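See below for the structure under consideration.
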């Protein structure tokens, strides 16, 4: 901002203090005519108020009549209304005015806020939970379909972000078909069926990509095989849990422990978090949050194993909760690593307040095989 925009006087070679002492009001000249001032000055002028009863600035954005006649302007104060100083400084009164000008007072301290829309997040979470619980306890096959749909949408989000950010074209069609088949095969044929479907899906990815140019073939099929393992194959373990006699209770335990772990990490980390857990990967996660996740998950695990799982005991639930807290945190960090490499915050925008489907599956996917295995060890395959 140059001096003329601050209302500095021209002529007479004057270089002293402003306003000039004992000289009275300045005469309006050609360069300081009131009509020209409105055309040449890019900001409103803050008038000199004679008493403290008036506001510190003219909120209408205009000039007082005496200022237009005299062309006088104060050299201090913000240029625009959105350029208020971070730390308000008191403005000294002009010469001859014993009344100090009121200064802006600092506002109330800002409260710590979450980074997402909590109302939308809670609403979407409750809706998803209702769909899952209803389909889980009414008809098992319907819940298998819910898993398959989530897998296909997750694959679409992941492959879309890979292509947008890294120009990696993992073939979506064989991934979507093979991923859905993988989940169904795991439910119908068990672990053997899931492995066979995984192998066939990887082969389909290799063949499908052969129809295009050879440039980038290796990175495309590598990303395709990774996506097939990361999303549908890990989700197959949820279908494997469902095949047990108490399958719905096992799946519900798996979901509850993962959600409770995430909630404990968020609540404790938001309130008490001071020491970063992995600042290079996810700056928002803290060690205090991890302790909250472990505490909440172990308590929930003891309750779930005691009251939901056949032949389960509370001490098994403590171990299960500890394992879930660790696997869920690692899964969250793993997807954060992927998103940081891609330079994105969320994998999608399908779920308001949550991001995309993959942003909700990040903790669930790696936790599914852990819970399945520990339940088989503790109480058998059912």
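Every number here is computed from the coordinates shown, using simple stated rules; none is lab data. Computed from a prediction, not measured in an experiment: that's the story for all the values here. Note that each Cβ is placed from the backbone with ideal geometry, even for glycine, and that neighbours are counted across all protein chains shown.
Within the option set 334, 356, 321, being within 16 Å of residue 128 (Cβ to Cβ) and out of contact with any strand residue (DSSP E or B) (no Cβ under 7 Å at 6 or more places or on another chain) holds for one residue only, 356. Here residue 233 meets the list (1) under 25 Å from residue 359 (Cβ atoms); (2) without any contact (Cβ under 8 Å) to a residue 60 or more places away in the chain; (3) surrounded by fewer than 20 Cβ atoms within 10 Å (Cβ to Cβ) almost entirely, failing just condition (3).
For region 262-313, taking the residues that are under 22 Å from the mean Cα position of the chain (by Cα) and under 27 Å from residue 249 (Cβ atoms), the one that is surrounded by the most Cβ atoms within 10 Å (Cβ to Cβ) is identified as 293. Checking each residue in region 160-175 for being more than 18 Å from residue 211 (Cα to Cα) and crowded, with 19+ Cβ neighbours inside 10 Å picks out 161, 162.
With the structure loaded, tell me whether residue 188 is free of Cβ contacts under 8 Å to residues at least 12 places away in the same chain and within 23 Å of residue 309 (Cα to Cα) or whether it fails that test. Answer is yes for this residue.
Of all residues in region 295-352, those satisfying the criterion of being in a helix (DSSP H, G or I), over 25 Å from residue 278 (Cα atoms) and touching a residue at least 40 places away in the same chain (Cβ under 8 Å) are 300, 301, 304, 305, 316.
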